[in-house]
Structures are given as structure tokens and as C-alpha cells.
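This report refers to the structure that appears directly beneath it.
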Amino acid sequence: MDTLLVYAYQVAFSFSIFILISLGLAVIFGMMKVINLAQGEFIMLGAYACVVCSAVGLPLWLAVPLAGVIVGAIGILVERTVIRFLYGRVLDTLLATWGLSLFLVGIVTTIAGPQSQSVPADLGGVSLGGLQVPAYSLVMIGGACAMLLGTYALWRFTSLGLIVRGTMQNPEMARALGTNTSMIYMFTFGFGSALTGLAGALLVPLFGAAPTMGLFYIAKAFIAVISGGPWPLLGTLSASSLYGTIDGVISYAFSSVLGEIAVLLVAIVMLRLLPQGITGRLRKGL
Amino acid sequence: MQRLFSDFRRPSGQRPGAIWWSFIAVATVVVFALPQVLDLAQLLDLSVVFVLALLALSMSFLWGYVGILSFGQTAFFGLGGYVYAVAAMNWGDTTLPFLLGILVPLAFAALLGVFMVYGKISDIYFSVMTLVITLILNKAMRATSGDQYVIGDVRLNGQNGIPGVPPLQVPWNPTVTLFIDHVYYLSAALIVLVYVGLRLLLTTSFGRVLVGIRENERRIELLGYDARRYKFAAFALSGGVAGLSGTMFAIWGNFVAPEMFGLGQAAEVIIWVIVGGKSTLIGPIVGTGIIQYLTSWLGTQGVGQVTLVLGVVLVVFVLLFKEGLVPTLGSLIARLFGGRRKQGEAE
């Protein structure tokens, strides 16, 4: 029973990390078809925004959402200066955002230095089936679920969500109906960036902030969104559950590197079996 | 002159003309005469440009002519280096390790090809998946710092890499090893051979089908060609060339490290190819030279963050000079001379 509880915790933990790092990408890549290789650096910016906000004295529960807002604003700036010239040129967005990612790593290293920084959560530990886990990790798992549900609700139940989905599906028709699609693209990119920044800030108390931290997340994020398939949220959710389970179990039983390699192997085999992704055969969804 | 430049631009499937051959001959003579005027340090710098240009060639062959952007080239590059290092240090002999440094990455590319090319995943997913594979290999290699990660007698050493990779021996006389200037001659010979080889390959019927796939894959399939087989072969071949580059890199520096697989390395290859121009094979070689010398110059100027500059270069080229330097220059000159020729014809 205890072992089961520990495994359940490990799986939930890996799952929430997958959700956190890939949710923003599900919006930017899954919905907008912009291959954002600077995604990892947006996570890094969120983490640093959180570190800076705490350094000026803000409590963590305020610093985290503020980090989301800051990265969202940066995302809008990036969309206006670079991305908006590249819609429809998928490969070029990939290359340009890669340049952006190198630039961001360089500039943050110059300003903040290469060393890692962190913000303690000070919530103490919880005993779970004999395993001591930081209580903050439960907050993080809750945060990930809230972000997922919130995003789903925003797209599914609000009129703004309807306009966004319509614009992504058929921009010309949306324009003909009087929607300012350029603004919608800008908003969606900013929203995806904000989710990513929020994720980075949520990760800080456990993983810290360093200029090159984006590297550790970018591969997992793309694996989750790509094998999710055409329905960004549902796909990312199901892929995160699958890979979170594999990663959680194997990481706990053997080592975290082996967990990641296992995730990669499964991802490659999955691409062979389900080239359209997990949700490729569903007819409609989000 | 116009003929010369049109020979460097996208091949029409025709065999290159006499002008191109004489250019190759002149370039070869110049490259092999350079050791007479350069000192050893300069030769060392130039050799690594040739070695890395092989990597750039393997990428631009796939990207510019088959239309597949593979970030896996860096993975094959690193794999080639590591295979040579581990095998040569275990066996003492270097001829077989040199060949393995080409063949193992080729086989790995073929294995990936079975899943990805035959899985018919779309081009863009192909790019992202190869990138992911490179990252994971890098991560796995970084995690091998413990004593238990040993292949034969060689410790993998994780982050620190493997120092003291043996220099290449002359196959028929293992007591003689290659010195800096010999490595220069070897890498110069390889870059000329691989460049000419790939250029001629593109004029064969195999090469024409590859270019056809880039232009319109559906049409090639309707014409009765199995596009997957051609893509698979091209991917494996370029994996082999990237492996050769990695092997030569290990020989050049007597050192392999996980950075060979890294995102930084992958980004640099992309930048060489983009700056030089992917629609030619000569462009990436030029791009490699320019960026290599630019980064070492920036290093001496005390610019701490070279990646920052490289990032800006990449964004600017993607937004403003999509074609890259060589094709842009080429079409400029061709237009200049072409214009004059047309006037001549009118007279």
C-alpha cells in the first residue's frame, strides 16, 4: 500500500511537470503551429521573473502570477517583432525562435551570471507512505491541474475562446466576420507565453533558476505536444499522463536519466504506430 | 562567369561543366599549397573548418536537396566521435575505429529512418524529433560521469569528456601517426572528395529523384518511385558523412565531450548552413569558415557571450536574407553578367 502511494506520488509529480512545461507549447505550437524553440527560455524567464520578484520582497504566491504576466508581456513583444512576419513559414519560425533562444540565454547569462538561483518555498515536508516529500510539490501538482482546467475552460466556454479557436481554424473566415485576427494571434501567443512563464515560476522552489535550464525542459515539452496529436489540450493531457507514468515509475525504480531515455524510446515507437498522434483519430475536440 | 555561378546553384540534374571542374582543380591546388605559407596554428584552425564543413555539408545535402531538416546530424557527429574515441582507445589500432566512426552513425541513422521515414511523419515533426533525440543523447552522455560507465577500458567521464583520443595511424604502418599538418591534408582531401561526390551524386538518377522529392513528393510517388526508400537512403548517407565529421573532429582535437551532441553545436551547424545558403553545397562550406573565424575573433575581442551574437545573426538571416550569402551573391553576379550577355545577344 505504501509503495503504491509512493508510486502514485511519483507519477503525479512527473505528470504535473509534463503538463507545466508543455501546456504553453500546446497553445503556441499545437494551436498556432508556431514551433517555438525559445519555449525553454520562456520557462527560464518565468523562473528569473519569480526570483527577481521575491528578491524585491514579494511573497511567493504573488511572485508566481506576476512572473506569468511578465513573460506574457515579453511573449507579446516577441510576437510583434519577430513571429508575426513568419506565420505560415513553419520552418522559419523554428529557426528564428532558435536564434531568439540563443539570444535569451546569452543576455540572461550576461545580466544574472551563469550560477543557479532559487527561492525557498518554506512549506516543510509531508510524509507520504514513509517517503518524505516537500509539501510544495503538492502545491505544484495542484497548480498544474488548475492551469490545465483553466485553459480548457477559457477556450471551451468563453466567447473569446470561441473567437480564438475560430481564428486558428480559418483565419480568413474569421477576418471576414470582423475579427481582428492579428490581435487574436498576438493575444494567443502572449497567453501561451504567460502559461509558460507561470510554469517556470512554479518550478523555481524545487528546481531553481539558471540561464541554461530551458534545455532540460524543451525536449520533453515537444515530445508531449507532438505525440499528443492534433487536439492540443486533450493530446497534451493524454501524452503527459502516458509519459508522466513511464517517467515517474522508471525514475523512481532506476534513475532519472533512464526515465528520460525510456520516454524518448516510447515516443519514437509511438510515432511509428500513431503518426497522427494519440488524438489523431478523434473527430473533434480541443 | 554566369555558367560558373549557375553550376553552384540548385543543380538542374546536369553534370557540372568544365568551368566547375577547373574551379575544383584550382581550389584543390590552393588548399594543398597553403601549408607552405601558413604556420601550424593557422593550419590547425583551418583543419577544423574543413572538418566541421563536412558536418555542414551533410546537413545541407539533406535540407537543401531532399527538403528534410534534420537536427540529428549533431547526434551522428557526436556518435562518430565517441565511437572512434572508445574503439581506438580500447584496441590501440585506429583503422577499424575510423571506419566504425562512419558506419555506426550511418547504421543509427538508418535505424531512425526505419521509424521516422517509413512512419511517414511529416517533415516538421521529423525536424523536431531529430532535435529531441540529439538532446536526449547529450543528456545521457552527461550522466555517465560515474565509475560504472565504462566501455572496455575507457571511462566515459560524463561532462568532462574523454581526453587523450589517439591520433590516426597510417593503416599499413601503425607505428606512424598523423601530425597536425597531415591531419590538415586529410581533412582538406575529405572535404573536396565529399563535396565533389555529393555534387555528382545529385546528377545521377538517384539524385534527381531526391530533388524531385523536395519539389513535390506526391508527384514523385505518383510517378512510381517509392519516395520513402530514397529519403531513407539519403538520411543514412548524410548520417555517415556527419559521423565522418565527428570522427575527424575527435582526431583533430584528441578529445570528445558531450558538447558534440549539444544544442549549441546543433545551432551552430544550422547557422553555418543558413548563413552560407542551403540551396548550394559550396555555401555551407563558406558559411562554416565565416562563422568559425567570426566566433574566434569575437572571443579575442572579449565578447563574453558569443551565443548572444550568433542568436542575433540567425534571427537576422531568417528574417532578411533567407537564401544565404552564396546564392544571394551568386544571383547578384549572375544578373550582372546575364544582363550584359542579353544585351550582347540583342546586338
How large is ³J(HN,Hα), in whole Hz, for each residue of the range A:57-69 in order, when computed from phi with the Karplus curve 6.51 cos²θ - 1.76 cosθ + 1.60 and θ = phi - 60°, using x for Gly and Pro?
-> x, 6, x, 4, 5, 9, 5, 5, x, 5, 4, x, 4
Have a look at B:GLY224, B:LEU332, B:LEU38 and report the one farthest towards the positive end of the charge dipole of chain B, computed about the Cα centre with Cβ charges (Lys/Arg +1, Asp/Glu -1).
-> B:GLY224
Highest to lowest packing among B:103-115, A:83-95, scored as the average C-beta count within 10 Å = B:103-115, A:83-95
State the percentage of accessible surface on the range A:2-210 attributable to carbon and sulfur atoms; use a 1.4 Å probe and exclude ligands, DNA and RNA.
-> 70
Short version: ³J(HN,Hα) in whole Hz for each residue of the range A:85-95, in order, from phi by Karplus 6.51 cos²θ - 1.76 cosθ + 1.60 (θ = phi - 60°), x for Gly and Pro, what are they?
-> 7, 10, 4, x, 9, 4, 5, 5, 5, 4, 5
Percent of Cα-Cα pairs per 10 Å bin, from 0 to the last occupied bin, for the range A:36-92, please list those.
-> 23, 43, 22, 10, 1
Exposure rank, largest accessible area first [A:CYS53, A:CYS145; 1.4 Å] = A:CYS145, A:CYS53
Just how much of B:GLU221 is accessible, in Å², when a 1.4 Å probe is used and the result is rounded to the nearest 10?
-> 60
Would you tell me the accessible area of B:SER205, worked out with a 1.4 angstrom probe on the heavy atoms of the protein chains, in Å² to the nearest 10?
-> 90
Hey, can you rank A:68-81, B:166-179 by average C-beta count inside 10 Å, highest first?
-> A:68-81, B:166-179
Please find the FRET efficiency linking B:THR300 to A:LEU258, where r is the Cβ-Cβ separation and R0 is fixed at 60 Å, and quote it to the nearest 0.05.
-> 0.90
Exposure of B:LEU222 as accessible area (Å², to 10), given a probe of 1.4 Å and all protein chains | 140
Largest-first ordering by accessible area, 1.4 Å probe, given options B:THR307, A:THR97 = B:THR307, A:THR97
Which residues' amide hydrogens lie under 5 Å from the amide hydrogen of A:ALA209, considering only partners 5 or more residues apart or on another chain, with H built in the peptide plane?
-> A:GLN117, A:SER118
Shielding score for B:122-132, defined as the mean number of other chain Cβ atoms within 10 Å = 6
For the range B:168-241, the Cα gyration tensor yields equivalent-ellipsoid semi-axes (√(5λ), largest first, whole Å) of 38, 12, 8
About its Cα centre, how strong a charge dipole does the range A:2-210 have in debye, to the nearest 20, once Lys and Arg get +1 and Asp and Glu get -1 at the Cβ?
-> 540
Based on the alpha-carbon gyration tensor of the range B:132-259, what equivalent-ellipsoid semi-axes (square roots of 5 times the eigenvalues) come out, in whole Å, largest first?
-> 36, 23, 11
So how tilted is helix B:205-215 from the main axis of chain B? Cα-based, degrees 0 to 90, rounded to 10.
-> 80
To the nearest whole percent, what portion of all C-alpha pairs in the range A:1-112 is separated by more than 21 angstrom?
-> 47
Taking θ as phi - 60°, what are the ³J(HN,Hα) couplings along the range B:140-154 by the Karplus curve (6.51, -1.76, 1.60), each to the nearest whole Hz, with x for Gly and Pro?
-> 4, 5, 5, 7, 9, 7, x, 5, 6, 8, 10, 10, x, 9, 9
How large is the accessible surface per residue of the protein assembly as shown, computed with a 1.4 Å probe and reported in Å² as a whole number?
-> 42
Just how far, in whole angstrom, is the range A:192-226 from the range A:7-53 if you go by their alpha carbon centroids?
-> 4
Partner chain Cβ atoms within 10 Å, averaged over the residues of A:118-124 - can you pull that number for me?
-> 0
Please give the contour-minus-distance gain from B:VAL29 to B:TRP172: 0.36 nm per residue of separation, less the Cα-Cα distance, rounded to one decimal in nm.
-> 48.8 nm
For chain B, calculate the relative contact order in percent as a whole number, restricting contacts to Cα pairs under 8 Å that are 6 or more residues apart.
-> 31
Which pairs in the list A:LYS220/B:LYS322; A:LYS220/B:LYS120; B:LYS231/B:LYS278; B:LYS139/B:LYS278; A:LYS220/B:LYS278 are over 24 Å apart, alpha-carbon to alpha-carbon?
-> A:LYS220/B:LYS322; B:LYS139/B:LYS278; A:LYS220/B:LYS278
What angle, in degrees between 0 and 90 and rounded to the nearest 10, separates the Cα long axis of helix B:72-91 from the longest principal axis of the Cα atoms of chain B?
-> 40
Per the 1/(1 + (r/R0)^6) rule, R0 = 35 Å and r from the Cβ atoms of B:HIS182 and B:ARG208, FRET efficiency to 0.05 is 0.40
With all protein chains present and a 1.4 Å probe, the order of B:ARG199, B:ARG335 from largest accessible area down is B:ARG335, B:ARG199
Evaluate the distance, in nm, between pseudo-label points positioned 7 Å from the Cα of B:LEU193 and of A:ALA176 along their respective Cα→Cβ axes.
-> 6.1
So what's the projected area for the range A:177-283, the Cα convex hull averaged over all directions, in nm²?
-> 9.0
Ratio of the range B:76-115's C-alpha Rg to 2.2 N^0.38 Å, to two decimals?
-> 1.19
Of B:GLY240, B:LEU198, B:ILE251, which is farthest on the positive side of the dipole of the range B:169-283, counting Cα position, with +1 on Lys and Arg Cβ, -1 on Asp and Glu Cβ, and the Cα centre as origin?
-> B:LEU198
Rounded if a/c is under 1.5, else prolate if a/b beats b/c, else oblate: with a ≥ b ≥ c from the C-alpha gyration tensor eigenvalues square-rooted, which is chain B?
-> prolate
Per the C-alpha gyration tensor (a ≥ b ≥ c, the square roots of its eigenvalues), the range B:197-347 is rounded if a/c is under 1.5, else prolate if a/b beats b/c, else oblate; here it's oblate
Taking N as the number of residues in chain A, what is its Cα Rg relative to 2.2 N^0.38 Å?
-> 0.99
Cα-based equivalent ellipsoid of the protein assembly as shown: semi-axis lengths in Å, sorted from largest, via gyration tensor = 42, 31, 23
Over chain A, calculate the relative contact order: mean separation of alpha carbon pairs under 8 Å at least 6 apart, over the residue count, as a percent.
-> 36
Taking the Cα centre of the protein assembly as shown as origin and charging only Cβ (+1 Lys, Arg; -1 Asp, Glu), how large is the dipole, in debye to the nearest 20?
-> 2080
Projecting the Cα atoms of A:GLY248, A:THR181, A:MET270 onto the charge dipole of chain A, where Lys and Arg contribute +1 and Asp and Glu -1 at Cβ, the residue farthest towards the positive end is A:THR181
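The values are calculated or read from the model by the stated rules, or taken from the named source; none is laboratory data. Quick caveat, the model's predicted, so the values are computed rather than measured. Virtual Cβ from ideal backbone geometry, glycine too; neighbours counted across all protein chains shown. Protein only, heavy atoms only, side chains kept; ligands, DNA and RNA dropped before computing areas. Shrake-Rupley method; radii C 1.70, N 1.55, O 1.52, S 1.80 Å.
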